[in-house]
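First comes the structure, then the notes that go with it.
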Amino acid sequence: MRRRDRPGEERLATEAGKRGSVVHELWPELLERDDPAVLGRRPEDEPRCAFADQRLEPEAPDRLARADGGLAHGCHYPGAAMTHFRLLGPLEAVENGKTVALPGGKPRALLGRLLLDPGRVVAAERLVEDLWGEPAPRSAPKVLQGYVSQLRKALGAAAIETRAPGYLVAADPEQVDLARFESLTQSAREAADPVRRAELLRDALALWRGPALAEFRGEPFADAAGRRLADLRLNALEERLEADLELGAHAVVVGELEGLVEQEPLRERPLRLLMLALYRSGRQAEALAAFRAGRHGLVEQLGIEPTPALQELERAILRHEPRLDEPPARVPARKSIVCVGAELVDLVAPLARGEKDLLLVEVPASASGLAACAARLERTRARLEPQGLTVRTACFTSRNRDADLARVAADQNAELLVVGGSEVRELEASPCDVAFAARPELGFEPSGPVLVPFGGGREEWAALELGAWLARAHRLPLRVLGTEERADRRDASRMLAAASLALQRFAATTAEPVLVAPGADGILQESGSLLVASLPASGLDAARRALVKGTRSPILLVHAGLRPGGLAPEHTLTRFTWSIADG
């Protein structure tokens with residue numbers, strides 16, 4: 001197994017060397033020109049400089065003049081600001097409550113295309129194809145750079161990042177309405193409580209201001225993307241109506257369902273929901289008439305019969321089957337993730353998606369700090385709730401912090417307790433796993449894999465579970481580290497394979513096995529976003545102290561709680577320790 005290195009000096013082919021200076025609108029006829037525009041050298045154009053790693057800076061005035069009277073590449077970009085992008089309707093960029101004036105034409109279409117993949121790099125070749133189709137003019141890559149420059153002038157230099165092999169919109173998910181919509185709908189699908197599900201879906205649907213991408217009709221990328229977005233909205237609407245039916249609002253949703261069935265006569269899900277709503281409202285005849293009308297449309301337009309499920313619903317209505325009137329199942333008690341320390345929120349929050357609460361806790365040293373803690377927690381809660389999370393907060397003083405935190409975890413049905421601070425504490429009474437963030441000053445950036453040193457001991461499975469959970473929540477790769485072959489014993493690859501199989505079976509997560517040299521130094525050679533290691537009952541040993549001291553990324557030390565983890569086997573096999581000791 002070999003270590004994968006991050007790309008270093010890689011640049012875009014379209015960005016390397018000379019680039020045209022864009023100081024006015026690029027007219028369509030420029031696409032047919034092959035003569036180079038007037039150029040000026042900037043630091044990112046130097047042969048050994050990676051443009052992808054540079055920030056566009058305003059040119060100093062004295063560099064704008066040239067001996068031959070030409071212009072240097074000196075676009076003056078405004079400073080970076082928090083910009084919110086709205087794609088679910090007419091395209092808008094909003095900064096500090098004011099709409100930003102965006103360029104029209106293809107530069108505007110380019111922004112719309114980039115926002116379809118928020119936070120992800122879109123290759124320059126793909127952008128050329130999506131904006132010009134096939135075949136694209138030979139000048140298209142050069143003109144694409146000009147469009148990017150125009151967007152940077154309007155939005156700020158940092159708004160559009162250059163990263164090989166293309167570009168991305170530098171925005172957090174909560175800044176892009178499409179990303180928020182997808183996050184809210186995903187959280188709704190994971191929620192067992194129909195009340196919560198309906199609430200999340202209403203919030204998601206409220207983001208829509210009209211048909212998406214309608215202004216870009218005729219652009220090669222827009223038709224298929226517009227249909228996809230419209231289908232996403234329709235699915236969310238159907239799911240919200242289904243949640244309302246679970247809550248007994250059958251009479252309320254009949255009218256909305258009738259309109260949806262009329263609008264989408266070939267979709268069977270709205271028809272099924274309408275039949276149920278009518279039947280539960282005491283309108284059996286109308287429910288059967290709705291089925292007959294829907295069947296007639298399918299046969300006439302497509303030549304097909306309704307699906308067996310829809311036909312069975314018709315028969316169930318005719319038989320007055322009791323299951324059609326069953327009340328919603330009792331919702332089980334919600335579980336929670338307890339996070340102690342605001343600096344850990346960005347790492348921990350994605351674990352609380354779905355049917356879990358995120359409980360933010362602070363324990364100030366004295367009562368005088370309670371007001372400041374409460375205000376800080378409230379600001380954090382307000383920032384997280386638009387992401388579809390259920391956030392609760394608590395702050396209190398304590399004479400026995402560890403015992404009180406363990407009590408909170410027990411009272412709140414916690415699945416995980418995450419505690420920040422340089423001191424690793426004893427929380428033996430905690431009913432759930434406890435993760436100690438031993439280097440809270442190291443900020444979490446989800447840019448690399450989650451690393452889990454694994455030696456096969458029972459106490460190490462809790463760390464492996466949490467590492468897999470975090471990797472899946474942040475959509476990061478998971479790497480499980482084991483020791484290389486030594487003279488006196490084989491390598492740990494077979495044990496890592498067994499752990500990977502268990503993760504795939506019980507956690508729906510795959511893991512890449514990586515063999516490293518024994519000891520903390522071998523682990524620290526691997527780079528990642530997060531290091532998750534076990535904390536045995538004996539406490540912090542020399543190996544873990546070396547990891548805490550030497551790590552360049554955040555580290556979680558996981559102590560298994562009283563509740564056993566789901567992955568740990570009854571009998572472990574050969575133990576492959578990653579202790580400092582080599583012998």
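The values are calculated or read from the model by the stated rules, or taken from the named source; none is laboratory data. Only a predicted model underlies this, so the values are computations on that prediction, with no experimental measurement involved. Heads up, the Cβs are rebuilt from the backbone with ideal geometry, glycines too, and the neighbour counts pull from every protein chain shown.
For (1) among the acidic types (Asp, Glu); (2) farther than 25 Å from ARG545 by Cα; (3) under 29 Å from the mean Cα position of the chain (by Cα), each residue gets a yes or a no:
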{"site": "CYS432", "(1), (2), (3)": "no, no, yes"}
{"site": "ALA437", "(1), (2), (3)": "no, no, yes"}
{"site": "ALA468", "(1), (2), (3)": "no, no, yes"}
{"site": "ASP488", "(1), (2), (3)": "yes, yes, no"}
{"site": "ALA511", "(1), (2), (3)": "no, yes, yes"}
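Scanning the stretch 521-532 for residues that are aliphatic (A, V, I, L, M) and either within 24 Å of the chain's Cα centre (by Cα) or at pLDDT below 90 (or both) gives LEU530, LEU531, VAL532. Anything in the stretch 544-568 that is at pLDDT 90 or above, among the aliphatic types (A, V, I, L, M) and not in a strand (DSSP E or B)? List them, or say none. Result: ALA546, LEU547, VAL548.
Restricting ALA287, ALA236, ALA214, ALA230 to residues that are surrounded by 20 or more Cβ atoms within 10 Å (Cβ to Cβ), of a type in the set (Gly, Ala, Ser) and within 35 Å of the chain's Cα centre (by Cα) narrows the list to ALA236. Answer yes if at least one residue in the stretch 376-391 is surrounded by 20 or more Cβ atoms within 10 Å (Cβ to Cβ), among the acidic types (Asp, Glu) and modelled with pLDDT of 85 or more, and no otherwise. No, the stretch 376-391 contains no residue that is surrounded by 20 or more Cβ atoms within 10 Å (Cβ to Cβ), among the acidic types (Asp, Glu) and modelled with pLDDT of 85 or more. Here is the figure for the stretch 263-294: residues that are farther than 22 Å from GLU239 by Cα and charged (D, E, K, R) total 3. Note on the stretch 404-421: residues that are touching a residue at least 60 places away in the same chain (Cβ under 8 Å) and out of contact with any helix residue (DSSP H, G or I) (no Cβ under 9 Å at 6 or more places or on another chain) total 6.
Taking the listed residues LEU184, LEU232, the one that is closer than 28 Å to VAL100 by Cα and modelled with pLDDT of 90 or more is LEU232, with no other qualifying.
One residue alone among LEU200, LEU247 is surrounded by 19 or more Cβ atoms within 10 Å (Cβ to Cβ) and either out of contact with any His (no Cβ under 9 Å at 6 or more places or on another chain) or modelled with pLDDT under 90 (or both), and that residue is LEU200. Considering (1) closer than 24 Å to LEU318 by Cβ; (2) assigned to a helix (DSSP H, G or I), the lone condition that GLY259 does not fulfil carries the number (1).
Residues in the stretch 340-361 that are in contact with a Gly (Cβ under 7 Å, 6 or more places away or on another chain) and not in a loop (DSSP other than H, G, I, E, B): VAL340, GLU343, LEU344.
Among the conditions (1) among the charged types (D, E, K, R); (2) farther than 23 Å from ARG126 by Cα; (3) assigned to a loop (DSSP other than H, G, I, E, B), the only one that GLU219 does not satisfy is (2).
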